[in-house]
Structures are given as C-alpha cells and as structure tokens.
1. Projected onto the charge dipole of region 14-90 (+1 at Lys/Arg Cβ, -1 at Asp/Glu Cβ, origin at the Cα centre), which of P65, A77, G87 gives the Cα projection farthest towards the positive end?
2. Please compute the per residue accessible area over the chain with all protein chains in place, 1.4 Å probe, rounded to a whole number of Å².
3. For Q8, what charge total do you get from the other residues with a beta carbon under 13 Å from its beta carbon, if Lys and Arg give +1 and Asp and Glu give -1?
4. Where does the charge balance sit around H70 when Lys and Arg score +1, Asp and Glu -1, over other residues with C-beta under 12 Å from its C-beta?
5. To the nearest 20 debye, what charge dipole does the chain have about its Cα centre, counting +1 at the Cβ of each Lys and Arg and -1 at the Cβ of each Asp and Glu?
6. Using only the Cα atoms, work out Rg/Rh for the chain, with Rh taken as the Kirkwood radius, to two decimals.
7. Add +1 for every Lys or Arg and -1 for every Asp or Glu among the other residues with Cβ under 12 Å from the Cβ of D29, and state the total.
Amino acid sequence: MAHLVAIQTSTGEWHAYVVARPSNRFVGDIDVSGRTVPSFCHLRAWDGVPKEDAERLARSLKGVPKAARHAAILKAAEGLRLSASAGTPV
C-alpha cells in the first residue's frame, strides 16, 4: 500500500504526493511521479492507497487548481487510514 501525503507550505498552499515507501520523516521521499516531498509547516499522511492506483491518484491531484486542492485531497483520503500528522496548520 502507498501513502497519500498532504503538506501545507508556509504560504498556506496545499500539495499532495503519493509515496510508495515512505520514511518516518516524509521530507525528501520521492513520490510515484518522481517529485520530492519538500519541507512543510503541516503534514497529514494516509495509508491504504492500492499500488495499482497510486500513479493515477498522483496525476489526478497534481492537476487540481490551488483553491480546490485541499478539498480534493480530503476527498481522496476518504476511506484511508490516517497514519501521520505533524506540524501546525497555517
């Protein structure tokens, strides 16, 4: 199972990554589309993304407009198990 990782930057912007084999820190992990998870102010990660759906989910969340991105991440996380939370929301 892969993890859906949502980070909030210092500007309040949300980004989503799908990481197949996350470390305990998440920062620096490479997601299924080759992007590196950057440092963050707030992070939430959910476990349970089937590996066969990981790339499709990463592509679909990458194209979501900034204003709707957080809602899209939460919608994608429905049915997944919260596995990590860190930092303070902006």
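1. P65
2. Details: 5060 Å² over 90 residues.
Accessible area per residue, the chain: 56 Å².
3. Numbers: positive: R44, K66, R69; negative: E13.
Neighbourhood net charge equals +2.
4. Details: positive: R44, K66, R69, K75; negative: E13.
Taking every Cβ under 12 Å from that of H70, the sum is +3.
5. Working: 12 positive and 8 negative charges, 24 e Å.
In debye, rounded to 20, the chain gives about 120.
6. On the way: Rg = 11.6 Å, Rh = 12.7 Å.
That ratio is 0.91, to two decimals.
7. Details: positive: R21, R25, R35; negative: D31.
Result for the local shell: +2.
The values are calculated or read from the model by the stated rules, or taken from the named source; none is laboratory data. In this text, all values refer to a predicted model and were calculated from it rather than measured experimentally. All Cβ positions, glycine included, derive from the backbone under ideal geometry; neighbour counts span all protein chains shown. Heads up: the accessible areas ignore ligands, DNA and RNA and are worked out on the full protein's heavy atoms, side chains in. Shrake-Rupley method; radii C 1.70, N 1.55, O 1.52, S 1.80 Å.
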